[in-house]
Each structure stands twice: as structure tokens, then as C-alpha cells.
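The values are calculated or read from the model by the stated rules, or taken from the named source; none is laboratory data. If you're wondering where the values come from, they're calculated on a predicted model, not measured in any experiment. Using ideal geometry, Cβ is built from the backbone for each residue, glycine included, and neighbour counts are taken over all protein chains shown.
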Amino acid sequence: MNPYHAPLVEAEMEYQDLEYLYLNNPEENNTMPGISNARLVSDHSENESEDFGFEITDGIRMSETVIDFKEVSSFEDFDILVNGLVINCELSKHLQMKYYELCCSQKCFLHENFIEGLNCKLIAGIISETINIADAIRASKITTSYDNFTTWEKTLKAFLGLGMKVDFLLARLERLINLSLKSEKHKKARLEKDNAEEGMRILEKDNAGNLELRFQELAKAPW
């Protein structure tokens, strides 16, 4: 069993809680934690889909076929298919290309196991934020804040619970966190050693001075 997988029920409850929060506070909660500008809006009904034929709205369209990732030979063949809808238009061409590269690295559609019924815009937001976190991980340094690492980790685990295939990102992140913690421990140990050595030098200097002074006093003391 994958060590990162949260219980499915918990993931669904978390999504429902976030959706309820947004719908009841649309002005104060127009974004979801860890998701860049992913507004929760109602999906179009089946009747609306039929009225538009294959074109739904805002460029979202119904897919005529479902293909396996093995059949994707280039970016031109790459469609982001969710619940029978192609949602490429929800991401810029730049993000689509970066997502295509991420999927190619794992030889699969990272979004293919999403929980059924999730809003298309929410899924697009998760994909966008996954790309952002992947870029941030690759750009991170040994000095990157531990808080940043833990924020990325919590966000990715939430996405994983909803079905996004981000195991490989979590695995890389875990290794980086371990290295970062080891580096921090090494810095603290070295600082403690330097402080101890400095204290020893001061102590030795004081002792040497006192011994020399006592020696001179004793040597020159009257008989």
C-alpha cells in the first residue's frame, strides 16, 4: 500500500468542506488553500452539454474518444480529459506543455485517477498548482525554508487524496527534506563546536595569563 495515500473518505470530506466554505463565503474564499485561483463553480449539466453538441463552454468540449497515454506521441496529441470533457482551455499553453512534460516523465496521465464528480476548474487548479510545486522543488536549495517544504508536502498529500498521481513528487520532496534537516543539524553541531573552541581559547588565554602573572609575582616577591 502506498505510504502517502490518505483514506479516500477523508479526501472526499476535505473537498466537501472546502466546497461548502466557498459557496457560503464567495467573497472571502475565492481561492482554495494550495490552489492558485481555482474557483469552485458548478459544472454544466448534461442538458447544457447536449445543447452545445461537442462544444460545452469557454472552450471545454466533450471527448469523442478516450486514449491511453501510450498512444500520445507528441504534445499535439495531448488532451487533459476529465469526466469525458477535454479541459485543455483551463490551462495556458505554457502550463499545458509543462504538464505534458510531467506526465511524460511518469509515462501516464497524472490526473487519471481523480475522484469522480470533482469540478473541472478545481481539477485544473490542482494541475496548475502541481506544476508550480514541481518547479519549486527543482529550484529549491539546501537553504530553502523548512516551512516551504512542509507546505508543499501537505498540499501534495491533499492532491494525492483526491486522486492526483504525485507520489514521485512526494518521494523527491521527502529526500530533500531529510537532506535539509541533516544539513541544519550539521550547521548547529559546527556552530556549537566553534563556540566551544572559542570558549576554550578564551579560557586557555585567561589561564595562561594568570599563571604567568602568578609566576612573575612569586619570582619577584621579596624574600
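Would you say Thr144 is part of a helix (DSSP H, G or I), among the β-branched types (Val, Ile, Thr) and touching a residue at least 24 places away in the same chain (Cβ under 8 Å)?
no
Please work out which one of (1) more than 13 Å from the chain's Cα centre (by Cα); (2) at pLDDT 90 or above is the condition Glu129 fails and give its number.
If we test Glu129 against (1) more than 13 Å from the chain's Cα centre (by Cα); (2) at pLDDT 90 or above, just (1) comes out false.
Do you know which of the residues in the stretch 68-94 that are in contact with a helix residue (DSSP H, G or I) (Cβ under 8 Å, 6 or more places away or on another chain) and surrounded by fewer than 16 Cβ atoms within 10 Å (Cβ to Cβ) is modelled with the highest pLDDT?
The extreme case among them is Phe75.
Considering each residue of the stretch 73-101, count those that are over 21 Å from Lys121 (Cβ atoms) and without any contact (Cβ under 8 Å) to a residue 12 or more places away in the chain, and give that number.
Final tally of qualifying residues: 5.
Could you list, ordered by first residue, the pairs with Cβ atoms under 8 Å in which the first is in the stretch 116-138 and surrounded by 18 or more Cβ atoms within 10 Å (Cβ to Cβ) and the second is part of a loop (DSSP other than H, G, I, E, B) and hydroxyl-bearing (Ser, Thr, Tyr), at least 6 apart or interchain?
Asn119/Ser42; Gly125/Ser36; Ser128/Ser36; Glu129/Ser36
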